[in-house]
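Since the structure comes first, as structure tokens, the remarks are kept for the end.
The values are calculated or read from the model by the stated rules, or taken from the named source; none is laboratory data. Here the structure is a predicted model, which is why all the values come from computation and not from measurement. Positions of Cβ are generated from backbone atoms using ideal geometry, with glycine treated the same way; all protein chains shown enter the neighbour counts.
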Amino acid sequence: MTELADVSQTDSDALAFDDPECLAEALRGEGYVIDRNLSVVVHLATVLGRPLLLEGPAGVGKTELAKSLAAASGRRLIRLQCYEGLDDARALYEWDYARQLLHVQMLRDRITAELSAFEDLSSASAALARTNVGVFTEEFLVARPLLAAILSPEPVVLLIDEIDRTDEAMEAVMLEVLAERQVTIPELGTFTARSEPWIVLTSNDTRELSAALKRRCVHFSVEYPDAAREREIVASRAPEVEEAAVADVVELAGRLRKLPLRKSPSIAEVIDAARAASILGDDSTERTRALLSLLVKFGADVDTALEHLSSDNASTCARGGPEIAADGSSPRGSVTSAAFGAGRARSSSRR
């Protein structure tokens, strides 16, 4: 974890980072490896108090960054998972109608007695309208993630995950929170943030977000890491896996990402595949096919990957290398070493 000397103390024991290097080191302590450009942008977002919008393909660590940022700073994470059909009742707040009804029922006898003094229905109705029966108070308010972040007395990290799954109408609902750190409730008034939340939005770029939302955010496009940084990430999350196996799997994932697949391997899937490679060992003849089951999740993608491996195998055999069957198995030695041995060879040469 980051030393206290590297950070500034804020209220409720939350930490503010003095510079990008301090932030990167704190995230590394949580197992998140961040590159220099992204660490600078994240630091600016926290210092300026601006929402951070991370766009990029699924599986590049956008959500994990928000979670690690919360852990590294000592802030509570509040997460709004977006989906098609999300409305303000699930994102902002709603009223606890059951408790409101129970409250009114408890007051019924007293209300009836007080209204009996009026001679006609209209005057009784007018008196009732002027009476505050206390059903629209904060006590009966159910705070959803956006309002919960505003009402929180201690600093939080608000993660608005996969905002591109919602529509522009829902984006508009969020603008007050993003721009002014407040929520307006017609029955109660405006609630301003009781602490300064750090807001992180993620998008898998499945649709174009509105200009109004982007204007209020610090934006960064997150891509897959290069091989060196991905090896570092995998080694950080799976330290029990030997360096050579990590290099093999990272190289395999990198080559798969260059293919026209419906879904490219995510970093989390690469970490799982590295653990699997460690379990399977070097001599498993089904190693590559097993790794593909972790890295490739659509049948058509598996066929594309195996076809690609077979074509690479033909080139390898022409040079006198080991043969790999069309199903990804090899009659001789390690399949992964044969098909993707360059990474292992480079790893061995560094020793």
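The criterion of at least 1 residues that are of a type in the set (S, T, N, Q) and out of contact with any Lys or Arg (no Cβ under 8 Å at 6 or more places or on another chain) is met, among helices (runs of 4 or more DSSP H) falling completely within the stretch 221-283, by 267-280. Look at the stretch 77-99: where a residue is closer than 19 Å to residue 200 by Cα and a partner is in a loop (DSSP other than H, G, I, E, B) and modelled with pLDDT of 90 or more, sitting 6+ places away or on another chain with Cβ atoms under 6 Å, you get 82/162; 82/166; 86/166; 90/144; 91/144; 92/144. Across the stretch 122-157, the qualifying residues are those that are among the hydrophobic types (A, V, I, L, M, F, W, C), modelled with pLDDT under 70 and outside any loop (DSSP other than H, G, I, E, B), and the one among them that is nearest to residue 176 (Cα to Cα) is 129. Taking first residues from the stretch 184-203 that are surrounded by fewer than 13 Cβ atoms within 10 Å (Cβ to Cβ) and partners that are part of a loop (DSSP other than H, G, I, E, B), the Cβ contacts under 8 Å between residues at least 6 apart in sequence or on separate chains come to 187/136; 192/181.
Could you check how many residues of the stretch 191-220 are more than 18 Å from the chain's Cα centre (by Cα) and in a strand (DSSP E or B)? Number satisfying all stated conditions: 2. When residue 33 is tested against (1) surrounded by fewer than 18 Cβ atoms within 10 Å (Cβ to Cβ); (2) assigned to a loop (DSSP other than H, G, I, E, B), just one condition goes unmet, and that condition is (1).
Here residue 252 does not qualify as in contact with a His (Cβ under 9 Å, 6 or more places away or on another chain) and either under 16 Å from residue 227 (Cβ atoms) or of a type in the set (A, V, I, L, M, F, W, C) (or both). For residues in the stretch 44-63 being charged (D, E, K, R) and closer than 15 Å to residue 223 by Cβ, which is surrounded by the most Cβ atoms within 10 Å (Cβ to Cβ)? The qualifying residue surrounded by the most Cβ atoms within 10 Å (Cβ to Cβ) is 62.
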